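A.B. asks: If you scroll down you'll find the structure; I have some questions about it.
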Amino acid sequence: MAGSLNKVMLIGNLGQDPEVRSFQNGGKVCNLRIATSEQWKDRNTGERQERTEWHTVAIFSEGLINVCENYLKKGSKVFIEGKLQTRKWQDQNGQDRYSTEVVLRGFDGTLTMLDGPGGGQRGGGGGGGGGYGGGGQSGG
């Protein structure tokens, strides 16, 4: 359909270490759980409120998977740009379920480390940052 756009941009922190899985055909996927938060002041009470949303990200680009494995960990701050995709799967009872996730595939996604290599909850970080994706180092 002409004139449509499927693009998602997130800035948030990893809620857990990246999870990399291998397929029988030799391919890999890296799954990330990214938290984004918004804050506001309640009009009635004046108290600060906060809501956190959790986003599932699936990365199929070999180069970006290598970045995730080597540099990201729980707490890492990242910028992600990808596409929304809904997939159908079956639970243990055979019931159809649906999951919507942000997908980075080939050169069609971007991952930028906002706290630099080694940043995140376990120390390191500061300064810099590394950008991967687009036509650069995303592999694929």
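The values are calculated or read from the model by the stated rules, or taken from the named source; none is laboratory data. Bear in mind the structure is a predicted one, so any value in this text is a computation, not a measurement. So basically every Cβ, Gly included, is an ideal-geometry build from the backbone, and we count neighbours across all protein chains shown.
A.B. asks: Under 6 Å by Cβ, and 6 or more places apart or on different chains, what pairs join a residue from the stretch 59-76 that is in contact (Cβ under 8 Å) with a residue 12 or more places away in the chain with one that is part of a helix (DSSP H, G or I) and of a type in the set (Val, Ile, Thr)?
C.D. replies: 59/65
A.B. asks: Can you tell which of 31, 13, 6, 44 is outside any strand (DSSP E or B) and modelled with pLDDT of 95 or more? Full working, then the answer.
C.D. replies: Numbers: 31 fails: outside any strand (DSSP E or B); 13 fails: outside any strand (DSSP E or B); 44 fails: modelled with pLDDT of 95 or more.
That would be 6, the only listed residue that is outside any strand (DSSP E or B) and modelled with pLDDT of 95 or more.
A.B. asks: Tally up the residues in the stretch 67-99 that are of a type in the set (Gly, Ala, Ser), surrounded by 15 or more Cβ atoms within 10 Å (Cβ to Cβ) and farther than 17 Å from residue 15 by Cβ, please.
C.D. replies: Looking only at that region, the number is 1.
A.B. asks: Of all the residues that make up the stretch 20-47, how many are without any contact (Cβ under 8 Å) to a residue 24 or more places away in the chain and either farther than 17 Å from residue 105 by Cβ or touching a helix residue (DSSP H, G or I) at 6+ places or on another chain (Cβ under 6 Å) (or both)? Reasoning before the result, please.
C.D. replies: First, the residues of the stretch 20-47 that are without any contact (Cβ under 8 Å) to a residue 24 or more places away in the chain: 21-26, 35, 38-47.
Of the ones still in play, those that are also either farther than 17 Å from residue 105 by Cβ or touching a helix residue (DSSP H, G or I) at 6+ places or on another chain (Cβ under 6 Å) (or both) are 24, 35, 38-47.
Qualifying residue count for the region: 12.
A.B. asks: From the list 78, 102, 57, which one is of a type in the set (Val, Ile, Thr), in contact with a His (Cβ under 7 Å, 6 or more places away or on another chain) and at pLDDT 95 or above? Working first, answer last.
C.D. replies: Details: 78 fails: in contact with a His (Cβ under 7 Å, 6 or more places away or on another chain); 57 fails: in contact with a His (Cβ under 7 Å, 6 or more places away or on another chain).
Only one candidate qualifies: 102.
A.B. asks: Inside the stretch 47-61, can you point out the residues that are basic (Lys, Arg) and either assigned to a loop (DSSP other than H, G, I, E, B) or touching a Ser or Thr at 6+ places or on another chain (Cβ under 9 Å) (or both)? Can you show your working first?
C.D. replies: First, pick out the residues of the stretch 47-61 that are basic (Lys, Arg): 48, 51.
Scanning the stretch 47-61 gives a single hit, 51.
A.B. asks: A follow-up question, please. Testing residue 35 on (1) surrounded by 10 or more Cβ atoms within 10 Å (Cβ to Cβ); (2) out of contact with any Ser or Thr (no Cβ under 9 Å at 6 or more places or on another chain), one condition comes back false. Which one is that?
C.D. replies: Among (1) surrounded by 10 or more Cβ atoms within 10 Å (Cβ to Cβ); (2) out of contact with any Ser or Thr (no Cβ under 9 Å at 6 or more places or on another chain), the lone unmet condition for residue 35 is (2).
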